[in-house]
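Novice: Here it is, the structure, as structure tokens.
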Amino acid sequence: QLQNKILILTICAAGIGGTFQYGYNISIINAPASYIQTFMNTTWLERTGVPLESNVILLLWSFTVSAYPLGGLTGAVVAGPMAIMLGRKMSLLLNNVFVIIAAALSGFSRMAKSFEMIMLSRFFTGMNAGVSMNIQPMYLAESAPKKLRGAVALTSASFTALGLVLGQVVGLRELLGREESWPFLLASNVVPALIQLTALPWFPESPRYLLIDRGDKESCISALQKLRGTSDLSAELEEMLAEQAAVKGQRAKNPWELFQNPSLRWQLVSIVVLSSAMQLCGNDSMYFYAAYVFQEAGIPRDKIPYVVIGTGSCELITSVTCNMIIDYAGRRPLLLGGYIFMAGWAIVFMVALSQQTQISWMPYLSMACIFAYILSFGIGPAGVTGVLPTEVFDQMSRPAAYMICGSLLWFNLFLVGTAFPFIVKSLAHFCYIPFLVVCVCTALYVGFFLPETKGKSFLEISEEFKKRNFKTKTRAGFYKGPEEIKTTTL
């Protein structure tokens with residue numbers, strides 16, 4: 001069917017220059033770490049005649065690594081206004097400018113003998129990832145038919161995992177992982193950007209954005225026809241027009257207005273809890289431990305990068321599986337199952353780490369835990385978290401909700417990256433206790449408070465949250481005065 005082809009190609013064109021870049025740029029920095037640190041030292045030596053002390057090199061490297069989440073945070077903040085003013089598709093296209101600047105900076109850094117260019121390049125790369133992590137799920141969920149909305153928006157997580165694996169593969173010594181080729185490795189992120197700039201202009205803008213934000217019914221129908229083909233559009237158009245009527249006269253909200261609005265209380269709490277948990281659950285820290293655990297399990301040091309590719313592949317396999325089942329299983333079971341399993345594996349992992357030297361088969365158990373933890377993360381939290389802001393907020397609140405979501409995601413990534421080495425130092429084998437607490441608390445929140453959004457229209461989901469938001473208020477006390485007064489304010 002042609003319309004399905006158009007939708008699939010739209011997903012690929014948005015994904016390759018979108019969340020694919022987030023995963024790819026997280027993993028390509030690992031392979032050349034020691035070469036870049038050597039480059040920093042020799043550059044400084046040439047400039048001043050004095051070599052850098054090892055702790056200063058480490059500090060400069062920390063700045064280089066943390067420039068990425070810092071750029072991501074900036075990207076997440078500018079993504080909201082971009083999505084409103086330029087539209088979803090144009091924002092994704094313009095976002096490639098950041099990557100092209102980053103690739104030029106890192107590609108010419110060795111020639112220019114400037115390690116500062118690498119830091120700046122990582123900041124721009126982060127900005128690109130920050131924008132795409134927010135706008136791509138929004139663009140795809142708004143373009144998808146209701147029955148496929150979860151699966152289509154979830155492809156963002158599959159592209160992140162694909163980027164992660166390809167970054168690990170390209171970073172192998174046989175490809176671009178050698179000392180002389182690290183500038184090319186860091187600049188290779190320009191390729192997906194160029195693919196997106198060539199492909200995405202051929203596909204339609206989000207029909208919901210065209211109708212509700214722009215008020216352009218003709219363009220909306222034309223975009224829908226491209227995406228759906230000849231199938232009957234009247235039901236879908238009617239639903240969009242009802243949503244347009246519901247937000248009539250409103251303008252796009254700012255993030256702080258969401259906090260002030262009592263009718264959005266539970267939606268906001270839900271995305272704050274889930275976006276924070278996604279980074280605070282310890283999945284990224286598993287990659288930190290992977291090399292050490294594999295070494296303890298007796299895998300030769302030079303073979304470890306190949307096994308690490310297996311961990312990235314785990315996330316890719318589960319996110320693709322999750323894609324297939326999300327619209328059958330629903331959002332809640334996947335989130336709940338993911339966090340419960342992660343909590344279980346965190347306990348087993350800590351026990352295995354503490355017995356690593358005592359019992360001969362313990363390293364293999366730790367190894368199994370790493371794979372199981374990443375699989376549990378991929379099956380639910382990795383993808384579903386990015387879909388929810390699209391589903392639980394209306395058209396006018398959605399960009400602001402993604403700004404809050406994205407800012408939390410990047411801030412927590414920075415926080416975990418900075419704090420984890422200190423957690424390991426102070427808690428040793430029991431370093432997963434904070435992550436265990438996060439997983440248990442999130443599972444409890446999902447179990448008790450998060451409604452299911454599978455197969456419902458945006459208006460139905462909105463109504464369900466409305467009942468929840470105002471039910472808590474009437475329970476608080478029998479005096480109804482302030483509630484009545486509140487509803488008259490604009």
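Novice: Using R₀ = 35 Å, calculate the FRET efficiency as 1/(1 + (r/R₀)^6) where r is the Cβ-Cβ separation of Ala33 and Phe449; round to 0.05.
Specialist: On the way: r = 41 Å, r/R0 = 1.18.
E(calc), rounded to 0.05, equals 0.25.
Novice: Moving on to the next point. Got a sec? What order do Met119, Met90 fall in by accessible area at 1.4 Å, biggest, i.e. largest, first? Kindly include the intermediate steps, with their values, before the conclusion.
Specialist: Values: Met119 35, Met90 90 Å².
Ranked list, largest accessible area first: Met90, Met119.
Novice: Pulled fully out, how much extra length does the chain show between His429 and Asn55, if you take 0.36 nm times their separation in residues and subtract their Cα-Cα distance?
Specialist: Details: separation 374, 0.36 × 374 = 134.64 nm, distance 2.49 nm.
This chain segment gains 132.1 nm when fully extended.
Novice: Order Phe63, Phe39, Phe449, most accessible first, counting only protein heavy atoms with a 1.4 angstrom probe.
Specialist: Values: Phe63 110, Phe39 20, Phe449 85 Å².
The ordering from most to least exposed comes out as Phe63, Phe449, Phe39.
Novice: Residues of segment 257-471: accessible area per residue at 1.4 Å, in Å²?
Specialist: Working: 8520 Å² over 215 residues.
Heavy-atom SASA per residue in segment 257-471 reads 40 Å².
Novice: Quick check: with the 1.4 Å probe, what order do Trp345, Trp202, Trp266, Trp410 take by accessible area, largest first? Could you put the intermediate results ahead of the total?
Specialist: Values: Trp345 85, Trp202 200, Trp266 45, Trp410 5 Å².
Most to least solvent-accessible, the answer reads Trp202, Trp345, Trp266, Trp410.
Novice: Once you have the alpha carbon radius of gyration of the chain, what is it after dividing by 2.2 N^0.38 Å, with N set to its residue count?
Specialist: Working: Rg = 23.4 Å, N = 490, 2.2 N^0.38 = 23.2 Å.
So the chain has a normalised radius of gyration of 1.01.
Novice: Taking the full set of protein chains and a 1.4 angstrom probe, give the accessible area of Lys467 in square angstrom, rounded to the nearest 10.
Specialist: That residue has around 140 Å² of solvent-accessible surface.
Novice: What value, in deg cm²/dmol to 500, does the helix sum -39500 (n - 2.57) over DSSP H runs of n ≥ 4 give at 222 nm once divided by the residues of the chain? Kindly include the intermediate steps, with their values, before the conclusion.
Specialist: Values: 24 runs with 376 residues, N = 490.
The per-residue figure over the chain is -25500 deg cm²/dmol.
Novice: When the accessible area of the chain is split by element with a 1.4 Å probe, what percent falls to carbon and sulfur? Provide the component values of the computation, followed by the final result.
Specialist: Numbers: 14690 of 21100 Å².
The computed percentage sits at 70.
Novice: Taking 8 Å as the Cα distance limit and 6 or more residues as the minimum spacing, I'd like the relative contact order of segment 257-471 as a percentage.
Specialist: Details: 236 pairs, mean separation 81.8, N = 215.
Here the relative contact order equals 38 percent.
Novice: While we're on this one: Return a whole-number percent for the relative contact order of segment 1-203, with Cα pairs under 8 Å and 6 or more residues apart as the contact set. Let's see the in-between values first.
Specialist: Values: 294 pairs, mean separation 82.2, N = 203.
The value is 40 percent.
Novice: Probe 1.4 Å, all protein chains in place: accessible area of Phe435 in Å², nearest 10?
Specialist: 10 Å²
Novice: Still on this structure, I have one more. Please sort 307-314, 412-419 by packing, taking for each peptide the average over its residues of neighbouring beta carbons within 10 angstrom, highest first. Mind showing how you got there, number by number?
Specialist: Numbers: 307-314: 19.6, 412-419: 17.2.
Put in order of decreasing packing, that is 307-314, 412-419.
Novice: Follow-up. Using the structure shown, select from Lys89/Lys467; Lys146/Lys253; Lys89/Lys253; Lys5/Lys454 the pairs with a Cα to Cα distance greater than 26 angstrom. Mind dumping the intermediate values first?
Specialist: Numbers: Lys89/Lys467 34 Å; Lys146/Lys253 24 Å; Lys89/Lys253 20 Å; Lys5/Lys454 24 Å.
Violating the 26 Å limit, Cα to Cα: Lys89/Lys467.
Novice: Work out the length of the dipole vector of the chain about its Cα centre, built from +1 on the beta-carbon of each Lys and Arg and -1 on the beta-carbon of each Asp and Glu, and round it to the nearest 20 debye.
Specialist: On the way: 37 positive and 30 negative charges, 140 e Å.
The calculated dipole for the chain is roughly 680 debye.
Novice: What's the magnitude of the charge dipole for segment 257-471 around its Cα centre, counting Lys and Arg as +1 and Asp and Glu as -1 at the beta-carbon? Answer in Debye, nearest 20. Spell out each step's value before the answer.
Specialist: On the way: 13 positive and 12 negative charges, 62 e Å.
Computed about the Cα centre, the dipole is about 300 debye.
Novice: While we're here: Normalised by the residues of the chain, what does the relative contact order come to in percent, with Cα pairs under 8 Å and at least six apart? Can you show the working numbers first?
Specialist: Working: 732 pairs, mean separation 109.2, N = 490.
Across the chain, relative contact order equals 22 percent.
Novice: Here is a further query. So how much slack lies between Glu239 and Val351, counting 0.36 nm per residue of separation and subtracting their Cα-Cα distance, in nm? Present the calculation step by step, with values, prior to reporting the outcome.
Specialist: Values: separation 112, 0.36 × 112 = 40.32 nm, distance 5.25 nm.
Gain on stretching Glu239 to Val351: 35.1 nm.
Novice: Moving on. Quick one: accessible surface of Val191, probe radius 1.4 Å, all protein chains present, in square angstrom to the nearest 10.
Specialist: 80 Å²
The values are calculated or read from the model by the stated rules, or taken from the named source; none is laboratory data. What you see is a predicted model, and the numbers here were worked out from it, not measured in a lab. Counting neighbours? That spans all protein chains shown, and the Cβs are built from the backbone with ideal geometry, glycine included. Only protein heavy atoms, including side chains, enter the accessible area calculation; ligands, DNA and RNA are left aside. Shrake-Rupley method; radii C 1.70, N 1.55, O 1.52, S 1.80 Å.
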